[in-house]
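Everything on this sheet refers to the single structure shown next.
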Amino acid sequence: MRAFDYARAQTPADAIGTDARIIAGGTNLLDLMKLQVETPERLIDINHVGLDQVERDGDGLRIGALVRNSDLAAHPAVRQDWPLLSRALLAGASPQLRNRASTGGNLMQRTRCYYFYDLDAPCNKRVPGSGCGAIGGVNRIHAILGASEHCIATYPGDMAVALSALDAVVEVEGPDGRREIPATAFHRLPGDRPDLDNELQPGEMILSVRLPAPLGGRQIYRKVRDRRSYAFALVSVAAAVTMQGGRMDRVRLAFGGVAHKPWRVPAAEQMLAGQAPSAELFDRAAAAVLEGARGQGHNDFKIPLLRRTLAAVLAEAVQESA
Amino acid sequence: MDVTLTVNGTPHVLNLEDPRVSLLDALRQRLDLTGTKKGCDHGQCGACTVIVNGRRINSCMTLAVMHDGDEITTIEGIGTPGDLAPLQQAFIRHDGFQCGYCTPGQIMSATAMLEEVRQGWPSQMTGDLGRPELTDDEIRERMSGNICRCSCYPNIVDAIRDAAGRTGGTAA
Ligand SMILES: Cc1cc2nc3c(=O)[nH]c(=O)nc-3n(C[C@H](O)[C@H](O)[C@H](O)COP(=O)(O)OP(=O)(O)OC[C@H]3O[C@@H](n4cnc5c(N)ncnc54)[C@H](O)[C@@H]3O)c2cc1C
Ligand code: SF4
Ligand code: FES
Ligand code: FES
């Protein structure tokens, strides 16, 4: 690890507008610092600033940035009314990691791939302009949607996929005050700036995440991966579906493991809303989600995998909430 | 910066002018508590699992300087050769190890895991997110953060099930 200065913030203000790098659980930042992929000169520890409560916010919920993934997943209100969020959290990492991983840090974990970790490999995300080891390399875990000629990495988180489907809002504060960023717009596509994973600006800090009123219905998080637990998603599907008179009513879908950000396609949701479920309809919805999808060679399988996973999830959702 | 770590009930003041010391390295190299193992040093294997303020965490993925005032329990703190904890006894009874390298982490993880179950935390295997029961699938899922290169998994599951049964669900 490169040498760094360490300071402890007492309040969020101590961490806002500084050039020090925030450290929360440390489970992503220290991993990268040990490999010198990240080399911050100053760390500011926000573990003692508060922001560790889950509170009612009208019909919704406000989740502090320091609420741990394990506490959030076990929270009675989340289990009851936003089960999609509990399920996505419980599908991520390991119990030990979830005990440290914070809500803010989880959102901010780097979008990455194995070449990003390898200092000897070219990577536009780590060293802008150096090239991309994954394009033309081994790219089984990489993006099929929204990739660019500069980077084909996928955002690896699970929680943010559920937050996107649930229309959550990220509340941030910077030197110029507070602002809100919809979860669906928090992460960005690589374009020609793959070094930027998300819309948080230097000096800004995540204070909380707000969930709107519960959607109800059947909520499923299906994560397909190389082993059943403790592995990143190859494809994941977050779904919340309500039924009315045998027809799908409200449908929310988001996809993980397929792009540089959680992927949401409102047109596919609208195609399903108000319709009676059928395999043929599910297939058309999948085609809408996959519009513009392109494999990179080793990850071509993700295209049919997404189609089949979506069909399986929808079949389960409409059956049990009918 | 001076930092006080209370390890297995004993406070230790560490001078951490250079903050580049993981909690794991502080335990092993400054306090000579070498029961906690370093496997991957990247949060991937669970060999370094300790309990901090009642929660199991990977001690390799946190800085010692972040734990001023915290209560830390390591494998040295849950039993002694003459007075082993129920989980330690169960691992011996069921042959829950071969080389033993992952074992301290397995036992610390299982200790906290049984408490999580007692508190009703759901896992990925808890279908309705309600009160979990300690089925073998639940044990496997909840222990998935601890890798065993000798692949003693079946015996580890047996040991945990047995210890939980003997102590009414907790390891204490
Ligand atoms: C072996 C392993 C397996 C994993 N598997 C999964 C998985 O399957 N699914 C999954 O979703 N994740 C997985 N993870 C990632 C894990 O979830 C993240 O490392 C964790 O959520 C990061 O949270 P943290 O609090 O530890 O962040 P830190 O490491 O403390 O910080 C991460 C980044 O966030 C910034 N940051 C933290 N808090 C704030 C804030 N409030 N405002 C602004 N910036 C902030 C930091 O500056 C840093 O850049 C895995 C990690 C490991 C090591
Ligand atoms: S896909 Fe992105 S992160 Fe991976 S090597 Fe290419 S530029 Fe780097
Ligand atoms: S040494 Fe900490 S998880 Fe492997
Ligand atoms: S007993 Fe050898 S690694 Fe588990």
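Among the residues of the stretch A:16-25 satisfying the criterion of being within 14 Å of another protein chain (Cβ to nearest Cβ) and not basic (K, R), which is farthest from ligand 4 (Cβ to nearest atom)? If you could, list the steps in order and put the result at the bottom.
Taking the stretch A:16-25 as the starting set, the residues that turn out to be within 14 Å of another protein chain (Cβ to nearest Cβ) are A:20-25.
Still in the running and not basic (K, R): A:20, A:22-25.
Working: A:A20: 39, A:I22: 35, A:I23: 30, A:A24: 30, A:G25: 26 Å.
Top of the filtered list is A:A20.
Does B:Q88 count as within 16 Å of ligand 3 (Cβ to nearest atom) and within 13 Å of the chain's Cα centre (by Cα)? Outline the logic, then answer.
Numbers: within 16 Å of ligand 3 (Cβ to nearest atom): no; within 13 Å of the chain's Cα centre (by Cα): yes.
So B:Q88 does not fit the description; no.
If you go through the stretch A:79-89 and keep only what is within 7 Å of chain B (Cβ to nearest Cβ) and open to solvent by less than 10 Å² (accessible area, probe 1.4 Å), you end up with just A:S86. Among residues of the stretch A:8-52 being small (G, A, S) and open to solvent by less than 40 Å² (accessible area, probe 1.4 Å), the one that is farthest from ligand 2 (Cβ to nearest atom) is A:G50. When B:D137 is tested against the conditions (1) in a helix (DSSP H, G or I); (2) open to solvent by less than 10 Å² (accessible area, probe 1.4 Å), the lone failure is (2).
Within the stretch A:129-160, the only residue that satisfies the criterion of being surrounded by 23 or more Cβ atoms within 10 Å (Cβ to Cβ) and charged (D, E, K, R) is A:D158.
Residue-by-condition table, conditions (1) away from ligand 1 (no atom under 16 Å from the Cβ); (2) of a type in the set (K, R); (3) surrounded by fewer than 21 Cβ atoms within 10 Å (Cβ to Cβ):
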site: A:A77; (1), (2), (3): yes, no, yes
site: A:G92; (1), (2), (3): no, no, no
site: A:L97; (1), (2), (3): no, no, no
site: A:N106; (1), (2), (3): no, no, no
site: A:Y117; (1), (2), (3): no, no, yes
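For the stretch A:61-71, check the following and say yes or no: at least one residue is of a type outside the set (K, R), within 14 Å of chain B (Cβ to nearest Cβ), within 13 Å of the chain's Cα centre (by Cα) and part of a loop (DSSP other than H, G, I, E, B). For the stretch A:61-71, residues of a type outside the set (K, R), within 14 Å of chain B (Cβ to nearest Cβ), within 13 Å of the chain's Cα centre (by Cα) and part of a loop (DSSP other than H, G, I, E, B): absent.
Does the stretch A:120-143 include one or more residues that are more than 10 Å from ligand 2 (Cβ to nearest atom) and hydroxyl-bearing (S, T, Y)? No: the stretch A:120-143 contains no residue that is more than 10 Å from ligand 2 (Cβ to nearest atom) and hydroxyl-bearing (S, T, Y).
The values are calculated or read from the model by the stated rules, or taken from the named source; none is laboratory data. Values in this document were obtained by computation on a predicted structure and should not be read as measured data. Quick reminder, even Gly has a Cβ in these numbers, built from the backbone with ideal geometry, and neighbours come from all protein chains shown. Heavy atoms of the whole protein, side chains included, go into the accessibility calculation; ligands, DNA and RNA do not. Shrake-Rupley method; radii C 1.70, N 1.55, O 1.52, S 1.80 Å.
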